[in-house]
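First up is the structure itself, then whatever we jot down about it.
Coordinate-derived values only; no laboratory data. As the structure is a computational prediction, the values presented were derived from the model and not from experiment. We place every Cβ from the backbone using ideal geometry, glycine too, and count neighbours over all the protein chains shown.
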Ligand SMILES: Cc1cc2nc3c(=O)[nH]c(=O)nc-3n(C[C@H](O)[C@H](O)[C@H](O)COP(=O)(O)OP(=O)(O)OC[C@H]3O[C@@H](n4cnc5c(N)ncnc54)[C@H](O)[C@@H]3O)c2cc1C
């Protein structure tokens, strides 16, 4: 541990501030390369994908490192101080390495980075906070903490909610999670019903409609805390149940008519019906603006024709939010899309067919997956399926606005996915701590080896950084900002969950690869996080890097 942590924190802050200036210079240079007449050009952005991807990752590491040391209060635990400094030096060096390659790529003067690279106080901090002795000491402290790292400053109601959902996850979710995963079961009512009673489905629904979100603002922090706690018990069978009502409730608040809000929001909050989100199609996933499922106007409503895929929980759901092309003019792109609310009966199992009295059919088949089991993700086929006018989001005025309403839901969905990643990381870290304390190799507990402790330290530092960043971004979202930051924390936390679950599995040796140990589930579950709610590449390029470049050019959303 450094002699005086406050001095080290001040040093880290000042180095990261200098790094931020270099990062801003690289961002502006890249933005200029990607623009014509002061506007970002789609063609030029595509030509600079590799550099943009580097920029987005540098942004994620840098913001997480800055947040970690900025949010450290004088009364922070010695462990959290240690971990924030460890993450700051490791992430700071990663940012520096990325900037060096960007610098070369962009032809910027190399001297500007040299003073950062050769900074003697920073080198000393790297040794005192991230050297082998520091790693070993931090790992020992992480093991002793049982994974209680990156603690957020919470008021009493939030702390109580965290505590009660963690208890529920440990006592009710975790004991059922393994069977659901290994036998590919549907999430049972023994989980759904208590979660309904605990108000889980109403976290993003305003209080006036029966939810727990304040009427005048959001409470993203509560959603983050509950999601993380439940995801520690099971990503697929608990933490992810909140994602669907989160997206649909926000879309309804953004675009629903008063009648739709009054009708659907209380029902969503009560978890009756459960809901699902149908955006992705076999030919279009990341390219949402190109979606093709056709809606044709008929007397009193619309007929849907086409396919959706990966619609998670479509079987159990009684309400699907379907993005459909309601204007046949394909040149309209995203402006031809609308949201339709499809009602259907709830089905158990992996297949269903629903024939409407009006003659249409909706059939679904669950796609077998390596993980994320419990809700099942379905291929859906709509044949001449009737949706009444009352179920067009926003009514006649909402036609053509489906893309915007979907994106309104996605900010929350991405925050929520970052929280899911934190929950899986916490589960993996705690399993790794327990196993390395119990397991003896070469005559001594695994946890007594310096390398094991270094691994635990890095896992703990990553989890702590992601938790702190998620908390900070939740506060931004509550103020109505943070669209880019929600994508950024999603990016970082989901990749981090892959890294942490990988190390947790590795520390279990052969047992980690056995289905019977929970870490094998954490590993396969974590892998999906970087794919959905905006695939990693799409978010990095089209949201994070692009927004940063727009900010650097001082313009709002001006790409040509
Ligand atoms: C388990 C699971 C559950 C899901 N649940 C749902 C759900 O409930 N509802 C729903 O609508 N969808 C759901 N999805 C779908 C998910 O959102 C999509 O898989 C995701 O958006 C990516 O789309 P895609 O699979 O078509 O990949 P593609 O869009 O075909 O992308 C393939 C690869 O190309 C990359 N890529 C994309 N664009 C670019 C580019 N411009 N430049 C460089 N690389 C690029 C992507 O990042 C990806 O790595 C789920 C997916 C999974 C696996």
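Counting 0.36 nm for each residue step from residue 208 to residue 13 and taking away their Cα separation leaves a gain of 65.9 nm.
Calculated FRET efficiency, residue 283 to residue 37, Cβ-Cβ distance, R0 = 30 Å: about 0.30 to the nearest 0.05. When you restrict to C-alpha pairs under 8 Å that are six or more residues apart and normalise by the size of the chain, the relative contact order lands at 19 percent.
So for the chain, considering every pair of alpha-carbon atoms, how many percent are separated by more than 40 Å? Tail of the P(r) past 40 Å holds 26 percent of the pairs.
Between residue 396 and residue 124, full extension at 0.36 nm per residue minus the direct alpha carbon distance yields a gain of 91.5 nm.
For the pair residue 513 and residue 438 in one chain, pulling the backbone fully straight at 0.36 nm per residue adds 25.2 nm over the alpha carbon distance. On the beta carbon distance between residue 258 and residue 44, with R0 = 35 Å, the FRET formula returns roughly 0.20.
Ordered by the number of other Cβ atoms lying within 10 Å of each residue's own Cβ, fewest first, 312, 326 fall into the sequence 326, 312.
Helix 49-70 and the long axis of the chain differ in direction by around 70°, with both axes built from C-alpha atoms. Just so you know, the Cα atoms of region 386-531 work out to an Rg and Dmax of 20.1, 73 Å. Using a cutoff of 8 angstrom between alpha carbon atoms and counting only pairs six or more residues apart, the relative contact order for region 297-401 works out to 38 percent. Rounded to the nearest 0.05, the FRET efficiency derived from the C-beta distance between residue 448 and residue 348 at R0 = 56 Å is 0.70. When only alpha carbons are used to place a centre, region 481-535 and region 289-338 end up 31 Å from one another.
Taking the fewest neighbouring Cβ atoms within 10 Å as the starting point, the ordered list for 275, 494 is 275, 494. With the helix formula -39500 (n - 2.57) applied to DSSP H stretches of n ≥ 4, the chain reaches a computed 222 nm mean residue ellipticity of -18000 deg cm²/dmol.
One compactness figure for region 200-271 is 1.06, namely its Cα radius of gyration divided by 2.2 N^0.38 Å. For the chain, the longest principal axis of the Cα atoms and the long axis of helix 220-233 meet at an angle of about 80 degrees. Antiparallel as a % of all DSSP beta bridges within region 211-360, to the nearest 5? Close to 70 percent.
Between the Cα long axis of helix 5-33 and the first principal axis of the chain there is an angle of about 50°, rounded to the nearest 10.
Dividing the mean sequence gap of close Cα pairs (under 8 Å, 6+ apart) by how many residues region 345-469 holds gives a relative contact order of 14 percent.
In the frame of its principal axes, region 310-385 has Cα extents of 38, 33, 16 Å, reported largest first.
Note on 389, 155: ascending count of other Cβ atoms within 10 Å places them as 155, 389, the fewest first. Centroid-to-centroid, using Cα positions, region 92-139 and region 231-266 are 43 Å apart.
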